[in-house]
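Report on the following structure.
The values are calculated or read from the model by the stated rules, or taken from the named source; none is laboratory data. No experiment lies behind these values; they were computed from the predicted model shown. Counting neighbours? That spans all protein chains shown, and the Cβs are built from the backbone with ideal geometry, glycine included.
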Amino acid sequence: MTSTTPEEEELARKIVDCAYRVHRGLGPGLLESIYETCFCHELQKRGVPYRRQLTVPLVYDGIVLSDCPRLDVLVKDLIICELKSVDSLDPIFMAQILTQLKLARKRLGFLINFNVPAIKLGIRSVILSNL
């Protein structure tokens, strides 16, 4: 397993703190888009740069596809945050973030499900060992 850099560690702590703050303030049961807006607000309050709904270019067999995947939140051009508000984390969501990491050529990602009684049950980190 590849270790994270000090910068990634610091950002990861801030990401988790933001998720905790949002969940504490809103609780479970709302739409993903609401959690995304509030999560980004928390990042902004901490001075953490991010981009929302960022399109990742996708080329297949030499063709640039028009239907490209979107990242929910890209933090400081280093960490992908895939946000959910679902009853349970289906394995396809882990496959989704792994694919996003590979396509965007990033090492670290978070899969965060806000529809849980305690947010610690909804946070999963993913580290790619090679790109």
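Quick notes on this structure:
- The helices (runs of 4 or more DSSP H) found wholly in segment 1-107 and carrying at least 2 residues that are within 22 Å of Gly122 (Cβ to Cβ) and either in contact with a Pro (Cβ under 7 Å, 6 or more places away or on another chain) or modelled with pLDDT under 95 (or both) occupy 91-104.
- Count of segment 59-75 residues which are surrounded by 13 or more Cβ atoms within 10 Å (Cβ to Cβ) and either out of contact with any strand residue (DSSP E or B) (no Cβ under 7 Å at 6 or more places or on another chain) or among the hydrophobic types (A, V, I, L, M, F, W, C) (or both): 6
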